[in-house]
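*Asks:* First the structure, then my questions, so here it is.
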Amino acid sequence: MLVTFVLSNATVTFASNDETVIRLLHYTDLHAHLTSHLDLVADGVGEKATTRVVEKGGLARTATLIKQLRAENPNNVLMNVGDTFHGGVEALFTQGNAIVAPVNALGIDVGVPGNWDFAYGPHITRARFLDENDKFFLFRNSEDGEPRWRDSLKDYLREGGSKSQMLADIMVAGTEKPNYPNLAANVTFKDDNEPFLAPTLIKEVAGVKIGFIGITSDMVPKMHESLSIGLNFLQGESAYIELINRYRRKLNAAGADIVVVMSELGIQKDYRLAQLVEPGIEAFFSAHTHEATFTALTSKSGALVVEAGNDGYLGCMDITLRAGKVVKRDWKLLPVDNSLAEDAEVKALIEKARAPFLAKDIDLYTGGMKARQHLNQPINTVIGHTHTTISRYESLESDFNNLFTDWSRGLTGTELAISPGFRFGHPLIAGELEDKTVVTGEITLEDAYRYFPVSYGMSTAQITGENLKVIIENLLTEVYSADVFEQAGGWVSGFSGLRVELDLARPDGQRVLALYLTDSGKQISESDTLTITGCSRPFDTDDVLCSAPGFIGVAPVKNIKTGKIWTVVDLFIEGLNRYRIPKKIRRDFGDKNASKIWPERPFIQPLTGIAVTGN
């Protein structure tokens, strides 16, 4: 650190040998989880590793831990990286607004939006993250080109607006904003290539200038093209190497003593980039993939790579400088558990945000979508019970997805069913936790929305054996490719009625060995045409099911009781009412390579993919 003295006749600057410790706090992947919840964690790593269910998270407890760590070292910065305002029922029915005030109370210094923060559509994204004077995305129909809100639909239509646009404008008008700057160096406006958000930030703490490079997810256009209207998202390994090197040099030239990357690309991509960028980055603070790194990963460039799991943890990296040079980096991952008291201020904000969802007279709808969700019961309403543990933590085949697709197929009568491979959803369990807390196995309406915080409808369609194989190959590439920049999305989608023989150690596009119908045992040929049930997003075309193209005649399934399109939540509730959850849930994906999976390996999704030679 440089120390300057002003004398009577001169100014003298020299290097101090005193040590300065800068504390960087890493919070990630809240997914709108306001309260504490169950989580599945690894108990050790290796052949004897198991998993256990614990209670974690809750913004009020997170706030307490943040205050404790800040009190220990006032020279700190709190980073919030990825997927904050989407997930869960409070977010879904308020376009993320209910989450903003409790998050703002944490005192975050800098953030990066995640891919799901773009999921409310381009209008909400811009309204949430841009200042009023920044470039905005609205259809302008007035003579001077400026947007104006209309008092009625009639006035709006008379002046040239569309009904769908008015709905978007109304939602934009009430969008709550974070009170901290968000960065995204990898997103630009299409028309002029100017940055959508600031690429970097320099923050001075205790005389140390810290440079932050922010990178949001590169998969937003792959979620759906409508979510990235007007925006370019940088793609490709070489492009990210160039971007990080360029902005690191700019930050150093501007006087940054430390440069770090906050990235929502996921730890697999960040670890790869850390091997290839120029020296000078101290750390990649990763998000998106929900991996908990208790020991920091080292890289060829010298950068440490860490990810703080999800909202159930808080990461803490102490960086020690001596004479302005980094001499030590200490990383620890701290659980947010019930040993922490709840912060009174944040708890009050959470209770205020959740109050409308616990009211007896609740009557809410999601925005103008084909499969509108209707919430007319308090979210603590019990909708079913389980006598076993159900989770969605497996990257290849999860018990929740298998259960849900079995119910989907049973309720619609198709040969197959498919469900997205989301990372959403805390475990559902009956039994005793490690702290002796007894969990009764009750499943609430809130749990249902935690697994499906989206306005998806249910549809049936047809699929050829050839296209089915292509879809599964693409899913396996997106999770297990050894070229991590070919990876995308969550984990592998769930299927019912289908047995898959595969070899994860084969090259991309060649992992599926054979497909069979589980009911008959018949091998599926490329020319076979099969019926299938799955989810449809409001903006999908009639060849898309669960985000994948290649289906035939996608048609919505109506709920007999209501006459409206059956939503994913409605079907889940009906499944709980009609079927009993088995003690042991089936497994139909057989990997010839017998690839080791979490918790035998430390990452739920393999850090470097699965190589052709086996991994």
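We did not get these values from a lab; they are worked out from the coordinates using the rules stated. Since the structure is predicted, the reported quantities are computational estimates derived from the model, not experimental observations. Note that each Cβ is placed from the backbone with ideal geometry, even for glycine, and that neighbours are counted across all protein chains shown.
*Asks:* List every residue whose amide H lies under 5 Å from the amide H of residue 565, counting only residues 5 or more places away in sequence or on a different chain, with H placed 1.01 Å from N in the peptide plane.
*Replies:* 559
*Asks:* Using only Cα atoms, what Kirkwood radius does region 359-591 have, in angstroms?
*Replies:* 18.5 Å
*Asks:* Something else: In nanometres, what is the gap between the two model label sites at residue 43 and residue 232, each 7 Å from Cα along Cα-to-Cβ?
*Replies:* The two pseudo-label positions are separated by 5.2 nm.
*Asks:* Find the relative contact order for the chain and round it to a whole percent, using C-alpha pairs within less than 8 Å whose residues are 6+ positions apart.
*Replies:* Once divided by the residue count of the chain, the mean separation gives 15 percent.
*Asks:* Rounded to the nearest 0.05, what FRET efficiency do residue 276 and residue 364 have when you use their Cβ-Cβ distance and R0 = 51 Å?
*Replies:* 0.60
*Asks:* Let me ask something else about it. Which order, highest average first, do 446-456, 420-430, 372-382, 596-606 follow once you tally other Cβ atoms within 10 Å for each residue and take the mean per peptide?
*Replies:* The densest-packed peptide leads the list: 446-456, 420-430, 596-606, 372-382.
*Asks:* Can you sort 112, 327 from fewest to most other Cβ atoms within 10 Å of each residue's own Cβ?
*Replies:* The fewest-first ordering by Cβ neighbours comes to 327, 112.
*Asks:* I need the phi-derived Karplus couplings for region 192-197: 6.51 cos²θ - 1.76 cosθ + 1.60, θ = phi - 60°, integer Hz, Gly and Pro marked x.
*Replies:* Listing the rounded values in order: 9, 6, 7, x, 5, 10 Hz.
*Asks:* Next question. Using 0.36 nm per residue of separation minus the Cα-Cα distance, give me the extension gain between residue 334 and residue 198 in nm, one decimal.
*Replies:* Full-extension gain reported as 46.0 nm.
*Asks:* Moving on to the next point. Efficiency by 1/(1 + (r/R0)^6): what FRET value for residue 528 and residue 73, r their Cβ-Cβ distance, R0 = 56 Å, to the nearest 0.05?
*Replies:* The calculated FRET efficiency here is 0.35.
*Asks:* Follow-up. Cβ neighbours within 10 Å, averaged per peptide: list 544-556, 259-271 in order, most packed at the top.
*Replies:* Answer by packing, highest mean first, reads 259-271, 544-556.
*Asks:* Then there's this: Subtracting the Cα-Cα distance from 0.36 nm times the residue separation, let me have the gained length for residue 225 to residue 516 in nm, one decimal.
*Replies:* That pair, residue 225 and residue 516, stretches by 101.4 nm at full extension.
*Asks:* Using a Förster distance of 56 angstrom, determine the FRET efficiency expected from the C-beta separation of residue 239 and residue 580, and round it to 0.05.
*Replies:* Between residue 239 and residue 580 the formula returns 0.65.
*Asks:* Please give the charge dipole size of the chain, origin at the Cα centre, charges +1 on K and R Cβ atoms and -1 on D and E Cβ atoms. Round to the nearest 20 debye.
*Replies:* Computed charge dipole of the chain: roughly 360 debye.
*Asks:* Another question, if that's okay. Between residue 114 and residues 5 or more places away or on another chain, which pairs have amide H atoms under 5 Å apart, with H built 1.01 Å from N, and which residues are they?
*Replies:* Excluding prolines and chain starts, which carry no amide H, the hits are 82, 83, 84.
*Asks:* In the structure displayed, which of 177/300; 209/300; 56/250; 347/564; 269/352 lie more than 28 Å apart, Cα to Cα?
*Replies:* 177/300; 56/250; 347/564; 269/352
*Asks:* Measuring from centroid to centroid over Cα atoms, what is the spacing of region 106-131 and region 322-360 in Å?
*Replies:* About 19 Å separates the Cα centre of region 106-131 from the one of region 322-360.
*Asks:* Please list 3J(HN,Hα) in residue order for region 262-270, calculated via the Karplus relation 6.51 cos²θ - 1.76 cosθ + 1.60 where θ = phi - 60°; whole Hz, with x for glycine and proline.
*Replies:* Couplings: 9, 10, 9, 6, x, 5, 4, 6, 5 Hz.
*Asks:* Near the amide H of residue 265, under 5 Å away, which other amide H atoms are found, from residues 5 or more places off or on another chain, if H is placed in the peptide plane?
*Replies:* Answer set, sorted by chain and number: 287.
*Asks:* For each of 117, 83, count neighbouring Cβ atoms within 10 Å of the residue's Cβ, then give the residues from fewest to most.
*Replies:* Lowest count first: 117, 83.
*Asks:* Taking the simple approach of a point 7 Å from Cα along Cα-to-Cβ for both residue 327 and residue 51, what is their distance in nm?
*Replies:* 4.4 nm
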